[in-house]
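Undergrad: Structure incoming, see below.
The values are calculated or read from the model by the stated rules, or taken from the named source; none is laboratory data. Since this is a predicted model, take the numbers as computed values, not measurements. Neighbour counts run over all protein chains shown; Cβ positions are idealised from the backbone, glycine included.
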Amino acid sequence: MKIGIFDSGIGGVSVLHEALHRLPNEEYIFYADVDHVPYGKKEPEEIQGFADAIMQFMIQKGVDAVVIACNTATSVAVPFLREKYKNLPIIGMEPAVKPAVKMRGKDRVLVMATPVTIRENKLHDLLQKVDTEHSCDLLPMPELVTFAEKENFSDPAILDYLKKQSASLPHPISEYSVVVLGCTHFNYFKPQYRQMFSEDTSFIDGNAGTIRHLADVLGLKLTDEVKAVRKETSQACVAVNEEKVSYYFSGRPVEDEKELQIFKHLHERLEEVRSF
Ligand code: DGL
């Protein structure tokens, strides 16, 4: 099947990466809306317009389903898109608050996301449903999107920024046993989170759940386990890139070898941090 995956930028590669692991036999169109990133600081109507244009692009490409690999776009656009494109399965993403609350024990949960996701009703409705003991605190981390888009994954400024943002939290960092990565761009920085939070803190994102849901909707069977070792998997991702994934920057095909290398490096980084 042909599956369209889109995000404001490279965050969605983490969702594609999970898809390549669990559904390696499908064909993918990956669309990074780099002309309009970051979505997380924009107005909902504007984001809806970008998402609508991307849906039309995906339809022209003949996809069987679209994954919105972006919590921000999902929070403002998913009802509108489902209403408009009734015949196409649209899989959205939302911060993995439900499993986080189940896992927390007696500790607190930290939900990191973009300012738009944190502001929108979708997240607050979800919290009202699942966070009955008010154990979740919300923290916007917009600059992580900027670091990610520059493929800047090891700058000491990242840790400084995390510390600065967390200073406003109502509880000490040591009280958070689960951190929800509520933006797909945040996956790249797991080593920095490890330096900041307690050793036994868990970091959860919505990627695995999203791909399980996609498989369910399309009636596809997930591969049982990730069999390949790290290096081989990254190479395989790049190998399948050519055959199995077509990359687009805001609608423009990525064909240039130098640009394709960006995606190779992103897959390598994601493979490195996969088990953090
Ligand atoms: N990756 C997106 C998300 O999951 C948003 C990043 C942005 O463009 O601000 O929310």
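Undergrad: Looking at segment 218-254, which of its residues are among the charged types (D, E, K, R) and modelled with pLDDT of 90 or more?
TA: 221, 252
Undergrad: So which residues in segment 188-209 are touching a residue at least 60 places away in the same chain (Cβ under 8 Å) and either outside any helix (DSSP H, G or I) or more than 28 Å from residue 165 (Cα to Cα) (or both), if there are any at all?
TA: 202, 203, 204, 205, 206
Undergrad: Looking at segment 157-169, can you tell me whether even one residue there is touching a residue at least 40 places away in the same chain (Cβ under 8 Å) and hydrophobic (A, V, I, L, M, F, W, C)?
TA: Checked against the condition, which is being touching a residue at least 40 places away in the same chain (Cβ under 8 Å) and hydrophobic (A, V, I, L, M, F, W, C), segment 157-169 yields at least one hit.
Undergrad: Let me ask something else. Being in a helix (DSSP H, G or I) and in contact with a Lys or Arg (Cβ under 8 Å, 6 or more places away or on another chain) is the filter here, so list the residues in segment 27-66 that pass it. Show your work before the answer.
TA: Restricting attention to segment 27-66, the residues satisfying the condition of being in a helix (DSSP H, G or I) are 39-41, 44-60.
Of everything in segment 27-66, those that are in a helix (DSSP H, G or I) and in contact with a Lys or Arg (Cβ under 8 Å, 6 or more places away or on another chain) turn out to be 52, 55.
Undergrad: Against the condition charged (D, E, K, R), closer than 20 Å to residue 100 by Cα, surrounded by fewer than 22 Cβ atoms within 10 Å (Cβ to Cβ) and more than 12 Å from the ligand (Cβ to nearest atom), how does residue 155 come out, does it pass?
TA: For residue 155, the condition - charged (D, E, K, R), closer than 20 Å to residue 100 by Cα, surrounded by fewer than 22 Cβ atoms within 10 Å (Cβ to Cβ) and more than 12 Å from the ligand (Cβ to nearest atom) - is not met.
Undergrad: Which pairs do you get when a residue that is touching a residue at least 40 places away in the same chain (Cβ under 8 Å) and of a type in the set (Asp, Glu), found in segment 56-73, comes within reach of a residue that is part of a helix (DSSP H, G or I) and away from the ligand (no atom under 16 Å from the Cβ), reach meaning Cβ atoms under 9 angstrom, with the pair 6+ apart or on two chains?
TA: Every condition considered, the pairs that remain are 64/218.
Undergrad: Another question, then. Looking at segment 14-26, can you tell me whether even one residue there is within 10 Å of the ligand (Cβ to nearest atom) and outside any strand (DSSP E or B)?
TA: For segment 14-26, residues within 10 Å of the ligand (Cβ to nearest atom) and outside any strand (DSSP E or B): present.
Undergrad: Can you pull out every residue in segment 167-192 that is of a type in the set (Gly, Ala, Ser) and buried (at least 19 other Cβ atoms within 10 Å of the Cβ)?
TA: The answer is 177, 182.
Undergrad: Within segment 203-218, can one find any residue that is more than 14 Å from residue 111 (Cα to Cα) and among the charged types (D, E, K, R)?
TA: yes
Undergrad: Can you tell me which residue among 120, 46, 94, 26 is touching a helix residue (DSSP H, G or I) at 6+ places or on another chain (Cβ under 9 Å), more than 30 Å from residue 169 (Cβ to Cβ) and not aliphatic (A, V, I, L, M)?
TA: 26
Undergrad: Is one or more of the residues making up segment 1-9 surrounded by fewer than 21 Cβ atoms within 10 Å (Cβ to Cβ), modelled with pLDDT under 95, hydrophobic (A, V, I, L, M, F, W, C) and more than 14 Å from the ligand (Cβ to nearest atom)?
TA: no
Undergrad: Within segment 27-57, which residues are more than 12 Å from the ligand (Cβ to nearest atom) and farther than 27 Å from residue 268 by Cα?
TA: 43, 44, 45, 48, 49, 52, 53, 55, 56, 57
Undergrad: Could you grab me the full set of residues in segment 79-111 that are part of a helix (DSSP H, G or I), in contact (Cβ under 8 Å) with a residue 24 or more places away in the chain and out of contact with any Ser or Thr (no Cβ under 7 Å at 6 or more places or on another chain)?
TA: 80, 81, 84, 97, 98, 99, 100
Undergrad: Please pick out the residue among 98, 164, 106 that is within 17 Å of the chain's Cα centre (by Cα) and more than 16 Å from the ligand (Cβ to nearest atom).
TA: Result: 98 is the single residue among 98, 164, 106 that is within 17 Å of the chain's Cα centre (by Cα) and more than 16 Å from the ligand (Cβ to nearest atom).
Undergrad: From 92, 62, grab the single residue that is under 20 Å from residue 208 (Cα atoms), small (Gly, Ala, Ser) and surrounded by fewer than 24 Cβ atoms within 10 Å (Cβ to Cβ).
TA: Being under 20 Å from residue 208 (Cα atoms), small (Gly, Ala, Ser) and surrounded by fewer than 24 Cβ atoms within 10 Å (Cβ to Cβ) holds for just one of 92, 62, which is 92.
Undergrad: If you don't mind, another one. One residue is enough: does segment 115-125 have a residue meeting the conditions within 12 Å of the ligand (Cβ to nearest atom), out of contact with any His (no Cβ under 7 Å at 6 or more places or on another chain), at pLDDT 95 or above and not in a helix (DSSP H, G or I)?
TA: Looking through segment 115-125, at least one residue is within 12 Å of the ligand (Cβ to nearest atom), out of contact with any His (no Cβ under 7 Å at 6 or more places or on another chain), at pLDDT 95 or above and not in a helix (DSSP H, G or I).
Undergrad: Out of curiosity, is residue 79 over 20 Å from residue 207 (Cβ atoms) and within 12 Å of the ligand (Cβ to nearest atom)?
TA: No, not satisfied.
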